[in-house]
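To start, the structure under review is shown below, and the notes come after it.
Read-outs: derived from the displayed coordinates by stated rules, not from any lab. Just so you know, these numbers come straight off a predicted model, no measurement behind them. All Cβ positions, glycine included, derive from the backbone under ideal geometry; neighbour counts span all protein chains shown.
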Amino acid sequence: MHSSPAKDNRPVPSALPEEQWRAKLSPQEYHVLREAGTEPAFTGEYTDTETTGVYRCRACNAELFRSSEKFHSGCGWPSFFSPLAGDSIIEIEDRSLGMVRTEVRCASCGSHLGHAFAGEGYGTPTDLRYCINSVSLTLEPAE
């Protein structure tokens with residue numbers, strides 16, 4: 001994957017050559033994480049999960065989100081109102097599909113996670129919705 005500048009002009013990392021990503025990930029994981037695909041709505045394993053724990057990047061295992069910031073938005077994908085830490089994700093302007101959105105990538109490996117949306121009126125502390133593909137995540141349950 002070629003690096004694209006993030007909103008703060010940091011390059012987006014890619015920890016492995018694409019052939020190693022392809023060998024490491026399933027075809028669906030590769031499509032979403034490395035080719036910025038999207039899993040079908042309401043099909044992901046974490047869409048309705050309420051398990052307490054930490055959500056990690058499926059590609060590199062970096063910590064991304066906590067279950068305490070997850071909420072039910074009804075959009076068909078897991079939604080969070082805040083990432084784990086400000087430097088755990090990279091936000092990139094995405095002008096695909098004839099609209100302007102904010103793509104969300106893992107700051108550790110550059111894998112595509114989903115998109116962020118602001119000002120939608122959800123009753124969350126940030127008024128942000130990080131709409132993340134389940135296939136981009138793994139859940140580490142709290143002990």
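Here are a few things to note about the model shown:
- Electrostatic bookkeeping for A36 treats Lys and Arg as +1 and Asp and Glu as -1; over the other residues with beta carbon under 10 Å from its beta carbon, the sum is -1.
- Listed residue (M99, G121, I132) projecting farthest to the positive dipole end of the chain, Cβ model: M99
- With a cut-off of 9 Å between beta carbons, the residues surrounding A59 carry a summed charge of +2, where Lys and Arg count +1 and Asp and Glu -1.
- Taking amide hydrogens as placed 1.01 Å from N in the peptide plane, the amide H of T52 sits under 5 Å from those of A142, each at least 5 positions away in sequence or on another chain.
- Among the trypsin sites (Lys or Arg not before Pro) in segment 41-143, those located in a DSSP loop and surrounded by at most 14 other Cβ atoms within 10 Å of their own Cβ are R95.
- Point-charge dipole on Cβ atoms (K/R +1, D/E -1) for segment 21-143, about Cα centre, debye to 20: 320
- Three-way shape call for segment 27-113 based on the alpha-carbon gyration tensor, with the a/c threshold at 1.5: rounded
- In plain terms, the residue of Y122, Y130 with the fewest other Cβ atoms within 10 Å comes first and the most crowded comes last, giving Y122, Y130.
- Any cysteine of the chain lacking a neighbouring Cys Cβ under 4.7 Å - listed by number: C75, C131
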